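Q: First the structure, then my questions, so here it is.
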Amino acid sequence: MPATWRELTAAEKRIIERLVRNASQGEIPPAWDVEQYRAAEIDTFGSLQLKPRDKADSAADMPIHPVASAYFDDKELADPYGPLVDILLFQSEGLLRELQIYRSDGGAILREIDADAMFLVTAHEAHG
């Protein structure tokens, strides 16, 4: 089934922008400008396939590499042992390709992810 492409929501843009800022250490490459991307849903957790609006669908067999990751606490009260939401941003050939979102215990995500509440935001180095 072909992907159904749509505009990114404001919340999705904020999540991606926060990850991109950390991955690029403030020097955001023009190819990572979130305003230039469209999204197709991958799953019910909110994971997205990403593509620049001026590009045709990319080959599915292109290897992707993580550029940044973060966690989000999926509870109203602090719980050091409770489920976390894992958030990972991937790129391929210099373009953003995928935003993966999933809860560590496999359950449904209970709260809307707030980009400002993400923690342990980490940039990943490219390894050849």
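Q: Is it the case that some residue within segment 56-64 is of a type in the set (Asp, Glu), at pLDDT below 85 and out of contact with any Leu (no Cβ under 7 Å at 6 or more places or on another chain)? Spell out how you get there, then give the answer.
A: Pass one, segment 56-64, residues of a type in the set (Asp, Glu): 57, 61.
Okay, now just the ones that are also at pLDDT below 85, so 57, 61.
Imposing the further condition that a residue be out of contact with any Leu (no Cβ under 7 Å at 6 or more places or on another chain) reduces the set to 57, 61.
Checked segment 56-64: at least one residue is of a type in the set (Asp, Glu), at pLDDT below 85 and out of contact with any Leu (no Cβ under 7 Å at 6 or more places or on another chain).
Q: Can I ask one more? With respect to Glu76, is the statement that it is exposed (fewer than 13 other Cβ atoms within 10 Å of the Cβ), modelled with pLDDT of 90 or more, among the charged types (D, E, K, R) and over 23 Å from Pro2 (Cβ atoms) true?
A: So Glu76 fails the test.
Q: Could you list all residues from segment 42-55 that are of a type in the set (S, T, N, Q), open to solvent by 40 Å² or more (accessible area, probe 1.4 Å) and either modelled with pLDDT under 85 or in a loop (DSSP other than H, G, I, E, B) (or both)?
A: Correct list: Thr44 only.
Q: Separate question: Look through Ile28, Ile109, Ile15, Ile113 and report the one residue that is at pLDDT 95 or above and either surrounded by 18 or more Cβ atoms within 10 Å (Cβ to Cβ) or more than 13 Å from the chain's Cα centre (by Cα) (or both). Break it down into steps so the answer makes sense when it comes.
A: Values: Ile28 fails: at pLDDT 95 or above; Ile109 fails: at pLDDT 95 or above; Ile113 fails: at pLDDT 95 or above.
So the residue among Ile28, Ile109, Ile15, Ile113 that is at pLDDT 95 or above and either surrounded by 18 or more Cβ atoms within 10 Å (Cβ to Cβ) or more than 13 Å from the chain's Cα centre (by Cα) (or both) is Ile15.
Q: Still on this structure, please answer the following. Looking for something open to solvent by less than 30 Å² (accessible area, probe 1.4 Å) and either of a type in the set (Gly, Ala, Ser) or at pLDDT below 95 (or both) - is there at least one such residue anywhere in segment 34-41?
A: Yes: one or more hits.
Q: Can you tell me which residue is farthest from Phe72 (Cα to Cα) among those in segment 1-23 that are assigned to a helix (DSSP H, G or I), touching a residue at least 40 places away in the same chain (Cβ under 8 Å) and of a type in the set (Gly, Ala, Ser)? Write out each step before concluding.
A: Step one: of segment 1-23, the residues assigned to a helix (DSSP H, G or I) are 10-23.
Restricting the remaining residues to those that are touching a residue at least 40 places away in the same chain (Cβ under 8 Å) gives 11-12, 14-20, 22-23.
Checking which are of a type in the set (Gly, Ala, Ser) leaves us with 11, 23.
Values: Ala11: 14, Ala23: 17 Å.
The selected residue is Ala23.
The values are calculated or read from the model by the stated rules, or taken from the named source; none is laboratory data. Quick caveat, the model's predicted, so the values are computed rather than measured. Note that each Cβ is placed from the backbone with ideal geometry, even for glycine, and that neighbours are counted across all protein chains shown. Remember, those area values only see protein heavy atoms, side chains included, never the ligands or the DNA or RNA. Shrake-Rupley method; radii C 1.70, N 1.55, O 1.52, S 1.80 Å.
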